[in-house]
Amino acid sequence: MEVGDDAHGNLGVTRKRKRSDGETNTLSNFSLDDLNQDILERVLSRLPTSAFFRLSSVCKRWKSVAASSSFKCACSDIPARDPWFFMVDPHLNRSIVFDSTENNWKKLNYPPLLQNRHLDSIPVAASGGLICFRNLWGNFVVSNPLTGSCSELPPVDLHQMGQSLHAIVMSGDPNGCKGSYKLVLVYGQLPKLRFKVYRSTTGCWDDDITLSRKVDDSIEFNLNDDTVVYFLSRTGNVVSTNMQRSPSKQYSSVITNKSGDNIVYFISSSGTIMACNLSKRCFVEYPRLLPVFSEYSIDVVECRGEMLVVMLSEFLETSSLRVWRYDEETRTWHQIAALPPAMSHEWYGKKVDINCVGAGDQILICMNSNELYTYLLCDLVENQWTELPKCCTNGEAVEFMSAFSFEPRIEASV
């Protein structure tokens, strides 16, 4: 069997010419029906995830594949899948995702455990093929948004302990089995911070651990120095309003692994970026990038294992949306991407709230104001910015406040 282009430039399959002995190449008559079950499952596991939902309508054999445990095992061998973005609307009552492979919107069924009380539950973290929800009582529910399977974690009552929650972050557990995950909570009153970890492998919470403040020379500077670099803060009027408009990002945080150290980054209530090294049990407060009374909106994201900062600020009667990376060696901040001025200028004076999420080399940015809203996808490698198509339901465009990135995996287990 040969692969080639037809007259219209479409990829197609052509038959080889007959052999000189007159026999026909047997491969030209090969069918997927001739594959044994194991090989068929491995072939189908490489299809885009959206195709899985159509397997049952092809034939009885493919329908049995979709429900097979060995097929899910074959899917787990696929190292990575293009991200889907779980979108959060202002009313927290929809379950809509953006498929980055097919570049379209899809509606999913809400997890059964949350259907009767989904108005009281909001997504707060995601990792791999799973999304974590938190309800008004502070309890967590982890769900696979594709299959609807979900599990409620053992309760942990921080309010009863008199503790303020600062960060909720989810990641794979390298110390556990394949597909295992952990949920990390950072809480306390500065400078007395603590963290607690739930591990899916044990099904329970670890004992809480105290974090000590680390004095780092890299963030000490003279306030009278004209070369001072200020870090981003959430203390402006825009940011205070934003935190109320997007409750799912109230505990906006990311986790990275640097030289074996797990580090959680989050935005504190006082308006600075905190870096908590869970492995070394210490934390540092990063320097500011802008003066404390400047108006802007920011968020932290994780891309390819590092923390980045996205900021929308206003200067000289125009707005600017930029992505920043911190260089540990030179101890300076560097701009790595910027929205073209022609696309950012319309947001000047609109009191914009941005909520972002990273996925590989991409960042999805939800931009909302009382007048406008849009969703941008930034490719950090090419510095290309793409506006996502509008999502319409019953003829009306749907507004989303934020999003969570996850890999669409039917085999992901809660």
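Restricting segment 342-414 to GluC sites (Glu not before Pro) that sit in a DSSP loop and have at most 14 other Cβ atoms within 10 Å of their own Cβ leaves GLU371, GLU382. By a 1.4 Å probe calculation restricted to protein chains, ASP38 has an accessible surface near 80 Å², given to the nearest 10. Averaging the Cα positions of each part gives two centres, and for segment 77-92 and segment 342-414 these lie 12 Å apart.
Taking amide H as placed 1.01 Å from N in the peptide plane, the amide H of ALA167 sits under 5 Å from that of VAL186, each at least 5 places away or on another chain. When you filter the trypsin sites (Lys or Arg not before Pro) in segment 287-388 for DSSP loop state and at most 12 other Cβ atoms inside 10 Å of their Cβ, you are left with ARG304.
Here the Karplus relation 6.51 cos²θ - 1.76 cosθ + 1.60, evaluated at θ = phi - 60°, turns the backbone of segment 35-46 into coupling constants of 6, 6, 4, 5, 5, 4, 5, 5, 5, 5, 5, 8 Hz, with x for every Gly and Pro. The relative contact order of segment 308-412, computed from alpha carbon pairs under 8 Å that lie at least 6 residues apart in sequence, is 17 percent.
What shape does segment 259-414 take by its C-alpha gyration tensor, where a ≥ b ≥ c are the square roots of the eigenvalues and a/c under 1.5 counts as rounded, a/b above b/c as prolate, and the rest as oblate? Because a/c hits 1.5 or more and a/b fails to exceed b/c, segment 259-414 counts as oblate.
A straight chain from ASP206 to THR332 at 0.36 nm per residue would run longer than the Cα-Cα distance by 41.8 nm. Of the trypsin sites (Lys or Arg not before Pro) found in segment 171-207, those that fall in a DSSP loop while having at most 16 other beta-carbon atoms within 10 Å are LYS178. About the centre of its Cα atoms, segment 312-414 shows a dipole size close to 140 debye [charges on the beta carbon of Lys, Arg (+1) and Asp, Glu (-1) only; nearest 20 debye]. Annotation for PHE53 and SER151: the two label points, set 7 Å from Cα along the Cα-Cβ direction, are 2.5 nm apart.
The values are calculated or read from the model by the stated rules, or taken from the named source; none is laboratory data. Quick caveat, the model's predicted, so the values are computed rather than measured. All Cβ positions, even for glycine, are placed from backbone atoms using ideal geometry, and neighbour counts span all protein chains on display. Surface accessibility is based on the protein's heavy atoms, side chains included, excluding ligands, DNA and RNA. Shrake-Rupley method; radii C 1.70, N 1.55, O 1.52, S 1.80 Å.
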